[in-house]
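Right, one structure below, let's go through it.
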Amino acid sequence: MTIKYLNVSSLLLAMFLLFGCKDQSKEKPGATTDTPIIKTEKATPPVKPIMIVVFEHKVIDFEKWRTVFNTQEAFRAGSGLSVLSIGRGVNDTNLVYVVMKANNIMAAQDFPTHTETKELMKKAGVIGSPMVHFVSVLRYEVSDTSYKKRMMVEYNVKGFQAWLKAYDEKGKNVRAEHGLIDRTIGHELSDTSNVYLFFDISDIKKAKSRLASSELKQFMKDAGIVTPPTSHLYKVIE
């Protein structure tokens, strides 16, 4: 079993706590009712990243795997894992992608190597060693989408902040024009230089063309991307 610790979400299922400010000062002698009341605004708390775990594995029979998987919700919950989506490979429908939110990092990291997990995978007909990605999600698009095709892209960068600045300057509208709708931005848990992106695919032909374009290759060079991107194309079924 291959485990990758990622810090691949964006992506982002975060909550803002808003606290009202109440002026409790008393009126000083001689003050008029026209005296302005000045309230101090409190800074908005920063967004906290969440962690997701992506299981990527091949199965002998998808329906058999799904039957076993659906009976183990309580077991996953015991490790603080809740399913966000399940997908099947576009080119190989027996390649399964399970994206789960992790509420407990240590328990989630132990989950893939747990004896019961291994036994359940064997029972479900998992072939070979699964890839397990741990992603710290910094941005996540929570709105519903009608697009079912998704793409997970992984590559390494010289510096995360410099890459993110270049990525934002390129703009999500440009990516959308090429069939790639921003959904999640994250990076490896123990290595911020390992970047993960998730996209909704509105036009698969345009998306593939974009990934192979000389313009994108030049952008990757300018943005400090040091490894060729690895892409995973799948279709969300639930």
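Just so it is clear, none of the values below were taken in a lab; they were calculated from the coordinates. This structure is a prediction, so every number in the text was calculated from the model and none was measured. Glycine gets a Cβ as well: all are built from the backbone with ideal geometry, and neighbour counts include every protein chain shown.
Using every alpha carbon pair in region 92-238, what percent of pairs falls into each 5 Å bin from 0 up to the bin containing the largest distance?
For region 92-238, the pair-distance distribution reads 2, 8, 16, 21, 19, 16, 10, 6, 3, 0.
Rounded to the nearest 0.05, what FRET efficiency do Ser231 and Thr71 have when you use their Cβ-Cβ distance and R0 = 35 Å?
Details: r = 32 Å, r/R0 = 0.92.
The pair Ser231/Thr71 has a calculated efficiency of 0.65.
Once you sort the root eigenvalues of the Cα gyration tensor of region 122-187 as a ≥ b ≥ c, which label holds: rounded (a/c under 1.5), prolate (a/b larger than b/c) or oblate (the other case)?
Numbers: a/c = 2.47, a/b = 1.49, b/c = 1.66.
Here region 122-187 falls in the oblate category.
Rounded, prolate or oblate: which fits region 70-166, taking a ≥ b ≥ c as square roots of the Cα gyration tensor eigenvalues, rounded meaning a/c under 1.5, else prolate when a/b beats b/c? Could the numbers behind the result be given before it?
Working: a/c = 1.70, a/b = 1.43, b/c = 1.19.
Since a/c reaches 1.5 and a/b is larger than b/c, the shape of region 70-166 is classed as prolate.
Listed here are the pairs Lys149/Lys172; Lys149/Lys221; Lys64/Lys205; Lys58/Lys217; Lys170/Lys205; Lys149/Lys208; which of them are more than 23 Å apart at the Cα?
Pairs exceeding the cut-off: Lys149/Lys221; Lys64/Lys205; Lys58/Lys217.
Would you mind classifying region 154-238 by shape? Square roots of the alpha carbon gyration tensor eigenvalues, ordered a ≥ b ≥ c; an a/c under 1.5 is rounded, otherwise it is prolate if a/b is larger than b/c and oblate if not.
Since a/c reaches 1.5 but b/c is at least a/b, the shape of region 154-238 is classed as oblate.
Taking a cut-off of 14 Å between Cα atoms, list the aspartates and glutamates near Lys235, but don't count ones fewer than 8 places away on the same chain.
Reachable aspartates and glutamates: Glu56, Asp92, Asp200, Asp203.
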